[in-house]
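One structure is given below, encoded as C-alpha cells.
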Amino acid sequence: MKNRLFCTLLVLSLLFTPFPRIFAQTDTVQRFEANRSNAVNQQEKPYLILISADGFRYDYADRFEAENLKRLREQGVYSSWMAPSFPSLTFPNHYSIVTGMRPSTHGLVGNSFYDKKIDEVYSLGRRSAVENAAWYGGVPLWSLAEQQGMLSASFYWVGSEAPIQGVRPSYYYLYNEKIPIGRRIQTVIDWLKLPEAERPHLITFYMPEVDHAGHSYGPESDEVKRSVHFVDSVIGVLDREVSKLNLPVNFIFVSDHGMVQVNQDAPIKLPTAVDTAHFRVVTSGSLVNLYAKNKSAIKATFMALKNSDPRYKVYMRSKLPKHLHYSARNDKYGRIGDIVMVAEAPYVFQFSDRRPIPGYHGYDPRSSMEMMASFMAWGPQIKTGKKIKSFDNIHLYPVMTELLGLEYDHEIDGRTKLIRKILK
C-alpha cells in the first residue's frame, strides 16, 4: 500500500513542472511551534482541510472535465460560483476567506498597496512585509483555533507566516514552490497520523499552478487545462489517502478568483494627468491606487481623469460604488488610494513598454463573470448531494468555525446564513 502511494506521488511530481516562483525563497524546512498540544476538549472534534487552487475559475471543473472534483462535489455541497471580494486579487481574497472580512476591513487592500501612516509599501514579493503581523487585521482561522487550544497546520496560505494575534499555525512552511507535490501530500497525511495531542484539526493547503498557467497563457489555454487536471489529480489522491485514516476529515475546496483573457494590444498607459511628483502610483494591472503626496492635486487630477478613457473608471476614495465595499467609509486602515482607477475587462493597465501577459484578474466581479471563484465541500459534517445558491466568500468563516467547534466574538463582515445550508 505504501509503495502504491509512493508511486502515485512520484508520478504527480513528475507530471507537473512548476511555473516561475513568486519568491526566490529556498527554505523548505517545516516550522514547528514547540510546547503546544491540543486541549483535551478539542481532541474529539472534526478535522478540516481547507484547499485553495489559486485562479481556479468557477467554470474550470466542468469546462476541463475535472473528474475527481465533479465526483466529490456531488457527494457534498457546491455552488455554481463563489464571489470574490473586490479587488479580486490573490492576497486580499485568501485573507478574506480565513477572516470573514473584506479587504478594506482586514487591511490587505491589494497584492501591493501603500500605508501613509508608516510610509511603507506592502507587496507580495517583500518577505519583510509578508511576515510582519502589523499589516494583517482580523483573526485568521488558525489564530482563532490556536487561541482555543486547537492545533493547526498550513502548507501555505496568505498570512500564515506572520504572528497575527501573536500566533502562527503550530506547523507551517515559508512559501516556496520547490517542494514537490508528493512531499506536500505526504506531509498532510503525516500530520493526520500524529498522536491526538499533536494532530492539527485545521490544515490549509494552497496550490498556485492554475493561476500561473492562466496568467502566462490565458484562461482558455491547453496549459490551464493541464494545470486543472493536475489539481484534480492531487485532490483525488489526497481524498483517497485521507479516507484510509478513518478520521472525521472534512474538505472545503475554494479558489480566490477567476481569470480573464485580456486585450494585449491595447494596454492602458499611465495617463499624463497623473503627475508622479504629486502621487505615489501602486498598480496591480486591473486596479490603480493613487496616493496623494500633495492633497491640493487630488481634485484637479480626478477631474482630468474622469471620463477620459472608456477602458477604465476613476473614483475619489469616498465615492466608490457601495457594492465594492472599497471606499473611505470601509477603509479601516487608511490604505485605499485618494484616487482609484478600475480597469474594465478585458483591458489592463501596463505602465512599462512590455506587452501585457494574456491573463488577469482583480476586476469588479459584478461586471466580469470571469472573476468568479469555485466552492465545493464534502465530508462527514457536510450535507450530501446539495447545490446551493452562490455567495460571497466572506460568509465561509462562520461555517468553518462552526464545523471546528470554535467560538468568536469579534466583529466580521461575514454572516452565519450558510451554516445550515452546508453543515449537517
query: Considering Ile394, Ile357, which residue is in a loop (DSSP other than H, G, I, E, B), of a type in the set (A, V, I, L, M), under 28 Å from Val121 (Cα atoms) and in contact with a Gly (Cβ under 9 Å, 6 or more places away or on another chain)?
result: Ile357
- prompt: In the stretch 118-134, what residues are of a type in the set (A, V, I, L, M, F, W, C) and either buried (at least 24 other Cβ atoms within 10 Å of the Cβ) or more than 24 Å from Asp413 (Cβ to Cβ) (or both)?
  reply: Ile118, Val121
message: So for the stretch 319-327 (the condition being closer than 30 Å to Glu411 by Cβ, of a type in the set (S, T, N, Q) and either free of Cβ contacts under 8 Å to residues at least 24 places away in the same chain or surrounded by fewer than 18 Cβ atoms within 10 Å (Cβ to Cβ) (or both)), does at least one residue qualify?
response: no
- prompt: Going by the conditions given, is Ile51 assigned to a strand (DSSP E or B) and either in contact with a Ser or Thr (Cβ under 8 Å, 6 or more places away or on another chain) or under 23 Å from Val254 (Cα atoms) (or both)?
  reply: yes
Test: Phe230 is buried (at least 23 other Cβ atoms within 10 Å of the Cβ) and either aliphatic (A, V, I, L, M) or assigned by TED's automatic domain parsing to the domain that holds Ala66 (or both): no
message: I'm trying to understand the selection: among the residues of the stretch 314-354, which are among the aliphatic types (A, V, I, L, M) and either on the phi > 0 side of the Ramachandran plot or outside any loop (DSSP other than H, G, I, E, B) (or both)?
response: Val314, Met316, Leu324, Ile339, Val340, Met341, Val342, Ala343
task: Go through the stretch 372-411 and give me each residue that's among the aliphatic types (A, V, I, L, M) and either crowded, with 20+ Cβ neighbours inside 10 Å or farther than 30 Å from Ala345 by Cβ (or both).
output: Met372, Ala373, Met376, Ala377, Ile382, Ile394, Leu396, Val399, Met400, Leu403, Leu404, Leu406
- prompt: How many residues does the stretch 248-269 hold that are surrounded by 17 or more Cβ atoms within 10 Å (Cβ to Cβ), aliphatic (A, V, I, L, M) and assigned to a loop (DSSP other than H, G, I, E, B)?
  reply: 2
message: Residues to consider are Thr8, Thr17; find the one that is modelled with pLDDT under 95, surrounded by 13 or more Cβ atoms within 10 Å (Cβ to Cβ) and over 26 Å from Pro169 (Cα atoms).
response: Thr8
field: Qualifying position, being crowded, with 18+ Cβ neighbours inside 10 Å, without any contact (Cβ under 8 Å) to a residue 60 or more places away in the chain and within 25 Å of Asp115 (Cβ to Cβ), among Tyr312, Tyr360
entry: Tyr312
field: All positions within the stretch 210-227 that are surrounded by fewer than 22 Cβ atoms within 10 Å (Cβ to Cβ) and either assigned to a loop (DSSP other than H, G, I, E, B) or outside the structural domain of Ala53 (by TED's automatic domain parsing) (or both)
entry: Gly218, Glu220, Ser221
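The values are calculated or read from the model by the stated rules, or taken from the named source; none is laboratory data. Not measured: the values here are computed from a predicted model. Cβ coordinates were reconstructed from backbone atoms using ideal geometry, including for glycine residues, and neighbour counts include every protein chain displayed.
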